[in-house]
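Down below is the structure, laid out as structure tokens.
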Amino acid sequence: MASIKMNENLYDLSAIESDCWLKIMDGALQSGHPFHQPVFANTNTNGANMRIVVLRKASATEKTVSFYTDIRSGKWEELQKNQSISWLFYDHESRIQIRLSGKASLHQNDELANNSWANVNINSRKNYSSILIPSTEINDPKNISQQNADKTEKNSEEGRGNFGVVVTNILWMEWLWLNPGSHYKANFIYDKNGDFTSSWLVP
Ligand SMILES: Cc1cc2nc3c(=O)[nH]c(=O)nc-3n(C[C@H](O)[C@H](O)[C@H](O)COP(=O)(O)O)c2cc1C
């Protein structure tokens, strides 16, 4: 995993920005990576709403991060009303925290969603094919287990109609490194071309 070391790059904000994106992209690609399951937050009428999601894709060029979800879930409806999103990543070993915020775009019936669905394996497709809407109250959890066990390759397309991709266009990133000697913090503000201005912050 690429990481900023105590070297000449330490005080180079551009190098830090690149390194953050390398880590995030690694997180999307490697299931064991500390950034693979970040916290994703949006707002609803009660305030902040957070949960873990699997990071599915990240692009340093486009400044985007994406996850998959069931379009019947609460978050999808909330994101239709308010597209503001925050992300939280932490790598315990290197003691690096990255926070992102940006705007969501929702994809359900387009090429991006079709291509993403094509990459969802049969076993994971059952996550999108529950008969009842996610978070519906139920009396007996055993019924859900049985329904999942019945899913096969033949009916794996059943979930497609419930499958959606949330892409976040990142507008702000903050990097915090709890280096034992001295802590460091910086932020990066992106314009619509993905170019950024950056500053050091008091950690
Ligand atoms: C390790 C882990 C990974 C998860 N990955 C996803 C995911 O990729 N997409 C998703 O919608 N929910 C995922 N969930 C479930 C969410 O955390 C959340 O419980 C669910 O999406 C309902 O959220 P909502 O009611 O705010 O929509 C994951 C949960 C855990 C614990």
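Every number here is computed from the coordinates shown, using simple stated rules; none is lab data. Here the structure is a predicted model, which is why all the values come from computation and not from measurement. Virtual Cβ from ideal backbone geometry, glycine too; neighbours counted across all protein chains shown.
Of note:
- When the C-alpha to C-alpha distance is required to be over 31 Å, the pairs from LYS81/LYS192; LYS81/LYS142; LYS126/LYS185; LYS103/LYS142; LYS57/LYS185 that qualify are LYS81/LYS142; LYS126/LYS185; LYS103/LYS142.
- Selection of GluC sites (Glu not before Pro), region 1-96, meeting DSSP coil and at most 15 other Cβ within 10 Å: GLU62, GLU93
- Kirkwood hydrodynamic radius of the chain, Cα pairs, Å: 18.5 Å
- Calculated from backbone phi, Karplus (6.51, -1.76, 1.60) coupling profile of region 33-47 in Hz, x at Gly/Pro: 6, x, 9, 6, 10, x, 8, 10, 10, 9, 10, 10, 5, 8, x
- Residues in region 112-123 carry Karplus couplings, in order, of 4, 5, 4, 5, 5, 4, 4, 8, 7, 6, 4, 5 Hz; the curve used is 6.51 cos²θ - 1.76 cosθ + 1.60 with θ = phi - 60°, and Gly or Pro positions show x.
- Region 60-102: C-alpha gyration tensor shape, a/c 1.5 cut-off, then a/b vs b/c: prolate
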